[in-house]
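A quick write-up on the structure given underneath.
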């Protein structure tokens, strides 16, 4: 992976861990919270998205609408599962599981379906990342016997499966269909507003209360979530998905640290040890 792609993924990891921290601190949020920050994001990023065709000279295509529609559905499922996981479990369990299951499935699908052939170092790095993720998620001793199918674990794994789906689809959208990353991200947010609009209209008192009590979190997620993903989409134009998808899991280290120092979640030694294993895997990916 090139230096430019590595820096993009690093910046995306910081932004991603930070917005997840805000969602967890808001109690998971739920569909009303998702609708609010999707609406805020749509408004905030509209000027930039509108400039992309002007600056690049790219003409919008009908395929862009299809790509963003599918992406909207996948991303909404991702946010709903993730927010539910945060409502029932710790950031330091749900987040690593969600971020780790996704790369495992992404690399597998990229090899089997997209014909990518990552080198041995990249594959070893991906395996180390996944090993670190499951070290963090294991609730007692190291090893599979300590693994628990509790609700937070199930939501984390389910979220990871959706991550794999939207990673592969969005990589196809920006590479094969030629959708500019910023345009895809903005259209995806706009699509979520349309999908969640009826819910927001019927839940206006809760929406008003959430905006009053959690405005900082709503705005932070509205800014950082699209930013993190646009950076990843740009990186996908510079490096294969089988390398970018696992490398972005550096966010697990940052998220685990936030969970320990800011949220005071339990078992910090084991979970931070797992984060260090993840970091070792990311280093292997970076030298690929």
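Between residue 208 and residue 77, what's the calculated FRET efficiency when r is the beta-carbon distance and R0 is 22 Å? Round to 0.05. Mind showing how you got there, number by number?
Values: r = 26 Å, r/R0 = 1.18.
About 0.25, to the nearest 0.05.
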By the gyration tensor of its Cα atoms, with a ≥ b ≥ c the square roots of the eigenvalues, what is the shape of region 1-143: rounded for a/c under 1.5, prolate for a/b over b/c, or oblate? oblate
Take the chain, connect every pair of alpha-carbon atoms lying under 10 Å apart with a spring to form a Gaussian network, then pick out the residue of 184, 262, 81 with the largest mean-square fluctuation. 262
Based only on other Cβ atoms within 10 Å, what is the fewest-to-most ordering of 272, 76? 272, 76
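What ranking of 33, 134 emerges when the number of other C-beta atoms within 10 Å of each C-beta is taken as an exposure proxy, fewest first? Intermediate values should be presented prior to the final figure.
Values: 33 23, 134 20.
The order, fewest Cβ neighbours first, is 134, 33.
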Using only the alpha-carbon atoms, what does region 142-257 span along each of its principal axes? Please give whole angstrom values in decreasing order. 45, 43, 25
Calculate the length of the line joining the C-alpha centroid of region 244-288 to that of region 179-221, in whole Å. 28
Per the helix-only calculation at 222 nm, which mean residue ellipticity applies to the chain, given -39500 (n - 2.57) for every DSSP H run of n ≥ 4 and division by its residues, nearest 500 deg cm²/dmol? -27500 deg cm²/dmol
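Ranked by Cβ crowding within 10 angstrom, fewest neighbours first, how are 59, 84, 261 ordered?
Ascending Cβ contact count within 10 Å gives the list 59, 261, 84.
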When the Kirkwood radius is taken over all Cα pairs of region 230-288, what Stokes-Einstein diffusion coefficient follows at 4 °C and 1.567 mPa s, in µm²/s? 104
How compact and how long is region 208-262, expressed as Rg and Dmax of its alpha-carbon atoms in Å? 14.8, 43
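Calculate the all-directions average of the projected area of region 3-286's alpha-carbon convex hull, and give it in nm². Each step should come with its number before you reach the end.
Numbers: hull surface 57.4 nm².
Result: 14.3 nm².
FYI, it's all coordinate maths here, none of it is from the lab. None of these values were measured; they are calculated from a predicted model. Because the Cβ atoms are built from the backbone with ideal geometry, glycine has one as well, and the counts that use them run over all protein chains shown.
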